[in-house]
Amino acid sequence: MSKKIVISHRGACGYLPEHSMEAKAMAHAMNADFIEQDVVMTKDDYLVVLHDHFLDGVTNVASVFPQRARTDGRFYVIDFTLEEIQSLHMTEAFKTPDKAIFPERFPLWQCGFQVHTLDQEIELIQGLNKSRGKNIGIYPEIKAPAFHRFEGKDISMALLSVLKKYGYHSKSHAIFLQCFDAQELQRIKNELFSQFDMQLKLVQLIAETAWGETCHYEKGEVINYDYDWMFKSGAMQKVSSYADAIGPWFPRIVDPKSTTDNLIFTELVNEAHQHNLAVHPFTFRRDKGEIPSYANDFETFLDIFYIKADVDGVFTDFPDLAVAFLNK
Ligand code: CA
């Protein structure tokens, strides 16, 4: 396996609001190997970089457009134009407008951040690669492709065409393309890559079925995708037929029942490596309550995964700390 990597999760979001341009510039300055983009589509077919296909958890949409929620109370990116979205104030992720998810991070509602397009972010990263003499990669995630299709939009086609336009079309390029949806990854691998005359490294993200992360829409019904097969023996062979890496939740690699004296490793990394799949678990945070009890501090947490579990990369909100760890 090649050099171990640091993936800056939503940018350097431990320090600046997730998916702000500022958080991406900071991640670049910290020399993360890859910077992540979560990609969703607007009403007028722009690709924007936001963790969810909702606007209500990171912007003031509810006060600017109070009448525009759907019946579930949520404000969907796909119901707004890019111009409307860019008129909003973006901030640190929050539970309620006065309660941040990570209260020790950048203050809420400070500094007037803004949602940006995928094109803008790629231009930022490529521009910094030029001015800093680097080749820092991108790590886009296609969010909820089945939901977008249900709404009449083909987000994968749109994303591949942007990637191709910016010169990402070969497995040797500094890019991983990630998705939770196994069917969509297979569609990309088996149909879309030949249509676009491109090949990229694909990452199968692995959720827990109970999260309801991946929904499919069949005859008007929403069906929660069952991930259980991915944890059974032989699953990695199947995944390796269409993907180059997996992105599991870290408790699937080190059993949460582990203690400092007794770390319990699952077979997942071994099985993935046997099939030439790189392993990039998420999400490594040093905030209060985010370091598992079997690790005394953040550095030990990284050591357990990078060295003892032998993963190939981690998604982290604190790329400076992971870069410093690997440089030692
Ligand atoms: Ca993501």
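Per-residue answers, yes or no, for (1) part of a helix (DSSP H, G or I); (2) among the hydrophobic types (A, V, I, L, M, F, W, C); (3) touching a strand residue (DSSP E or B) at 6+ places or on another chain (Cβ under 6 Å):
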{"residue": "Ile138", "(1), (2), (3)": "no, yes, yes"}
{"residue": "Glu141", "(1), (2), (3)": "no, no, yes"}
{"residue": "Ser156", "(1), (2), (3)": "yes, no, yes"}
{"residue": "Lys164", "(1), (2), (3)": "yes, no, no"}
{"residue": "Gly167", "(1), (2), (3)": "no, no, no"}
{"residue": "Ser170", "(1), (2), (3)": "no, no, no"}
{"residue": "Phe176", "(1), (2), (3)": "no, yes, yes"}
{"residue": "Gln183", "(1), (2), (3)": "yes, no, no"}
{"residue": "Gln186", "(1), (2), (3)": "yes, no, no"}
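Return the pair list, or none, for Cβ contacts closer than 8 Å from residues in the range 179-192 that are basic (Lys, Arg) to residues that are in a helix (DSSP H, G or I) and surrounded by 22 or more Cβ atoms within 10 Å (Cβ to Cβ), at least 6 apart or on different chains.
Arg187/Ser156
Checking the condition in contact (Cβ under 8 Å) with a residue 40 or more places away in the chain and among the basic types (Lys, Arg), which residue from Lys257, Lys238, Lys219, Lys201 passes? Break it down stepwise before answering.
On the way: Lys257 fails: in contact (Cβ under 8 Å) with a residue 40 or more places away in the chain; Lys238 fails: in contact (Cβ under 8 Å) with a residue 40 or more places away in the chain; Lys219 fails: in contact (Cβ under 8 Å) with a residue 40 or more places away in the chain.
The match here is Lys201.
Quick grid of which residues meet (1) under 30 Å from Asp154 (Cβ atoms); (2) under 23 Å from the mean Cα position of the chain (by Cα); (3) surrounded by fewer than 19 Cβ atoms within 10 Å (Cβ to Cβ):
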site	(1), (2), (3)
Asp52	yes, yes, yes
Thr59	yes, yes, no
Ser63	no, no, yes
Pro66	no, no, yes
Glu83	yes, no, yes
Pro103	no, yes, yes
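Given (1) out of contact with any Lys or Arg (no Cβ under 7 Å at 6 or more places or on another chain); (2) farther than 26 Å from Ser161 by Cβ; (3) modelled with pLDDT of 95 or more, identify the lone condition not met by Gln114.
Among (1) out of contact with any Lys or Arg (no Cβ under 7 Å at 6 or more places or on another chain); (2) farther than 26 Å from Ser161 by Cβ; (3) modelled with pLDDT of 95 or more, Gln114 violates only (2).
Going by the conditions given, is Leu108 hydrophobic (A, V, I, L, M, F, W, C), in contact with an Asp or Glu (Cβ under 6 Å, 6 or more places away or on another chain) and modelled with pLDDT of 95 or more?
Answer is yes for this residue.
Return a yes/no flag: does the range 112-126 have any residue that is without any contact (Cβ under 8 Å) to a residue 40 or more places away in the chain and either of a type in the set (S, T, N, Q) or within 24 Å of Phe250 (Cβ to Cβ) (or both).
Scanning the range 112-126 turns up no residue that is without any contact (Cβ under 8 Å) to a residue 40 or more places away in the chain and either of a type in the set (S, T, N, Q) or within 24 Å of Phe250 (Cβ to Cβ) (or both).
Wholly within the range 1-113, which helices (runs of 4 or more DSSP H) include no fewer than the required count, namely at least 3 residues that are within 16 Å of the ligand (Cβ to nearest atom) and within 24 Å of Pro281 (Cβ to Cβ)?
Because the criterion is at least 3 residues that are within 16 Å of the ligand (Cβ to nearest atom) and within 24 Å of Pro281 (Cβ to Cβ), the helices (runs of 4 or more DSSP H) in the range 1-113 that meet it are 21-29.
Quick one: is Tyr306 touching a residue at least 60 places away in the same chain (Cβ under 8 Å), among the aromatic types (Phe, Trp, Tyr), over 29 Å from Arg149 (Cβ atoms) and away from the ligand (no atom under 16 Å from the Cβ)?
Considered against the rule, which asks whether it is touching a residue at least 60 places away in the same chain (Cβ under 8 Å), among the aromatic types (Phe, Trp, Tyr), over 29 Å from Arg149 (Cβ atoms) and away from the ligand (no atom under 16 Å from the Cβ), Tyr306 comes out as yes.
All but one of (1) part of a helix (DSSP H, G or I); (2) within 16 Å of the ligand (Cβ to nearest atom); (3) more than 25 Å from Ser87 (Cβ to Cβ) hold for Glu121; state the number of the condition that does not hold.
Unmet condition: (3).
Scan the range 228-237 and give yes if some residue there is of a type outside the set (A, V, I, L, M), at pLDDT 95 or above and buried (at least 16 other Cβ atoms within 10 Å of the Cβ), otherwise no.
Taking every residue of the range 228-237 in turn, none turns out to be of a type outside the set (A, V, I, L, M), at pLDDT 95 or above and buried (at least 16 other Cβ atoms within 10 Å of the Cβ).
The values are calculated or read from the model by the stated rules, or taken from the named source; none is laboratory data. In this text the structure is predicted, and so the values were computed from the model without any measurement. Backbone-built Cβ (ideal geometry, glycine too); neighbour counts: all protein chains shown.
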